[in-house]
Amino acid sequence: MKSGSDNILKRLRHLPRILQFFRNYRIVNQRVLASGIPLRELIVLKYPRRLPDAAKPPALTVEFTDACDLACRYCNNPLFPYPRTFMEADVFEKLCRRIEEADINRVRVGGGEPTLHTDTGKYLKALSARVKFLSIVTNAQWKRKTIVNELLTSGVDMIEISIDAGGAEYYESSRENASYALLLENLKQLRLERKRLRSKTIVKVRLMVRPSTLHLEKDEITFLRHYVDCVLPQYIMKHPDSDYDEDVFFPEHVVKHEYPMCTIIFKDMQVLMDGSVPLCQPKGSALGEDEKIFVGNIMEQSILDIWNGELPKKVRNAQRHRIAKDMKCCQGCNSA
């Protein structure tokens, strides 16, 4: 058993990195708190395992579509079956009602590439009117130039852009169909339009880092800070649904096929295009039908009933107390 001093030393080793990105965390968290989200919900997002289960999802992730215009080498999305689907109006209307009923404060729109949905701007405006903090994750490969204005006038609080480190060569080799020149042009347009509109929308980059680009992290952050408010690295892990393993990180629990210390199931609930709700994001996007696990559908159940359902509560309890027999579905997962 480790002593208290060992645990303190272990935490202190992470202090320089925490301080390195403190400014980025401050920008986002200040905006979150200013939006009216209670401090406790923010703390739950950061330390969900250490607190009792939240009565409602601290965050809701919504997918407008599972379609994507890119084929990233390390992602399982290119392997999804066709045809791809888009959230219909009746599902979105039900989603809005469910969000109001559950008093959800924070929604993140992901995918797929959400801006491929023809009603992206309309849907974002409707969500922003119902929640305190709304964000969207996008690859920023926008060919329709009006999308920049649509995003900035929709009421979205934060735009998160996923970018591979390493410049044009790495970016385009990692993301089939992507153009680095288009990315930079869209970033410039986003910066100029935000200034023109005097928009307070935060623009954040998720810097996707692989072992071969780890040494470029600092320079990439410096470069991208000319375009956006904050840049935070995200290390690309080996995805269990993908055969690609040439240039990704391998978490120890994945290599050993052990149980991760998961936080996702404590802090986030995902709603897919048809209203279905997976146990967690990895179980909703699993390629094997026998690996998918769904716990409800908002077309038939409330968000609170699904979130507080028997299986989600059981798995959260198993994760918190490390009960292996009750979290077999988590074994070897890399998404924690």
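The values are calculated or read from the model by the stated rules, or taken from the named source; none is laboratory data. Not measured: the values here are computed from a predicted model. With ideal geometry, Cβ positions are generated from the backbone for all residues, glycine too; neighbour counts draw on all protein chains shown. Please note that ligands, DNA and RNA were not included when accessible areas were found on the heavy atoms of the full protein model with its side chains. Shrake-Rupley method; radii C 1.70, N 1.55, O 1.52, S 1.80 Å.
Yes/no per residue for (1) open to solvent by 30 Å² or more (accessible area, probe 1.4 Å); (2) at pLDDT 90 or above:
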position	(1), (2)
36	yes, yes
40	yes, no
50	yes, no
53	yes, yes
61	no, yes
69	yes, yes
74	no, no
83	yes, no
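Looking only at the range 192-224, filter to residues that are in a helix (DSSP H, G or I) and in contact with a helix residue (DSSP H, G or I) (Cβ under 7 Å, 6 or more places away or on another chain); which one of those is least open to solvent (accessible area, probe 1.4 Å)?
213
How many residues, within the range 241-293, are part of a loop (DSSP other than H, G, I, E, B) and among the aliphatic types (A, V, I, L, M)?
8
Only one of (1) of a type outside the set (Asp, Glu); (2) surrounded by 15 or more Cβ atoms within 10 Å (Cβ to Cβ); (3) in contact with a Leu (Cβ under 8 Å, 6 or more places away or on another chain) fails for residue 189. Which number is that?
Of everything listed in (1) of a type outside the set (Asp, Glu); (2) surrounded by 15 or more Cβ atoms within 10 Å (Cβ to Cβ); (3) in contact with a Leu (Cβ under 8 Å, 6 or more places away or on another chain), residue 189 misses just condition (3).
Checking the condition open to solvent by less than 40 Å² (accessible area, probe 1.4 Å), in a helix (DSSP H, G or I), at pLDDT 95 or above and among the aromatic types (Phe, Trp, Tyr), which residue from 227, 171 passes? Lay out the reasoning, then the answer.
On the way: 227 fails: in a helix (DSSP H, G or I).
Just a single option satisfies the conditions, and that option is 171.
Would a scan of the range 182-198 turn up a residue that is farther than 20 Å from residue 72 by Cα, more than 21 Å from the chain's Cα centre (by Cα), of a type in the set (S, T, N, Q) and modelled with pLDDT of 95 or more?
Yes.
Would you be able to say whether some residue in the range 265-281 is at pLDDT below 90 and either closer than 29 Å to residue 56 by Cβ or surrounded by fewer than 18 Cβ atoms within 10 Å (Cβ to Cβ) (or both)? Even if it seems obvious, please write down each step before you answer.
Taking the range 265-281 first, the residues at pLDDT below 90 are none.
No: zero hits.
Taking the criterion of being in contact with a Lys or Arg (Cβ under 9 Å, 6 or more places away or on another chain), under 29 Å from residue 102 (Cα atoms) and open to solvent by less than 50 Å² (accessible area, probe 1.4 Å), would at least one residue in the range 244-263 satisfy it? Spell out how you get there, then give the answer.
Step one: list which residues in the range 244-263 are in contact with a Lys or Arg (Cβ under 9 Å, 6 or more places away or on another chain), which gives 244-251, 254-255, 259, 261-263.
Retained after the next criterion (residues that are under 29 Å from residue 102 (Cα atoms)): 261-263.
Narrowing the set further to residues that are open to solvent by less than 50 Å² (accessible area, probe 1.4 Å) leaves 262-263.
Yes, the range 244-263 contains at least one residue that is in contact with a Lys or Arg (Cβ under 9 Å, 6 or more places away or on another chain), under 29 Å from residue 102 (Cα atoms) and open to solvent by less than 50 Å² (accessible area, probe 1.4 Å).
Would you tally the residues in the range 309-330 being in a loop (DSSP other than H, G, I, E, B), in contact (Cβ under 8 Å) with a residue 12 or more places away in the chain and surrounded by fewer than 15 Cβ atoms within 10 Å (Cβ to Cβ)?
Within the range 309-330, the first condition is being in a loop (DSSP other than H, G, I, E, B), and the residues that meet it are 309, 322-323, 327.
Of the ones still in play, those that are also in contact (Cβ under 8 Å) with a residue 12 or more places away in the chain are 309, 322, 327.
Subset that is surrounded by fewer than 15 Cβ atoms within 10 Å (Cβ to Cβ): 322.
The total comes to 1.
Out of the residues in the range 282-297 that are at pLDDT 95 or above and in contact with a Ser or Thr (Cβ under 8 Å, 6 or more places away or on another chain), which is most open to solvent (accessible area, probe 1.4 Å)?
Once the filter is applied, the top-ranked residue is 294.
Taking residue 146 as meeting all but one of (1) exposed (fewer than 15 other Cβ atoms within 10 Å of the Cβ); (2) closer than 24 Å to residue 56 by Cβ, write down the number of the exception.
Condition (2) is where residue 146 drops out.
Select from the range 61-104 the residues that are within 27 Å of residue 44 (Cα to Cα) and touching an Asp or Glu at 6+ places or on another chain (Cβ under 6 Å) and list them in ascending order.
61
Only one of (1) modelled with pLDDT under 90; (2) under 29 Å from residue 310 (Cβ atoms) fails for residue 18. Which number is that?
(2)
Yes or no: residue 178 of a type in the set (A, V, I, L, M, F, W, C) and part of a loop (DSSP other than H, G, I, E, B)? I'd like the intermediate steps shown before the answer.
Details: of a type in the set (A, V, I, L, M, F, W, C): yes; part of a loop (DSSP other than H, G, I, E, B): yes.
When the stated conditions are applied, residue 178 passes them.
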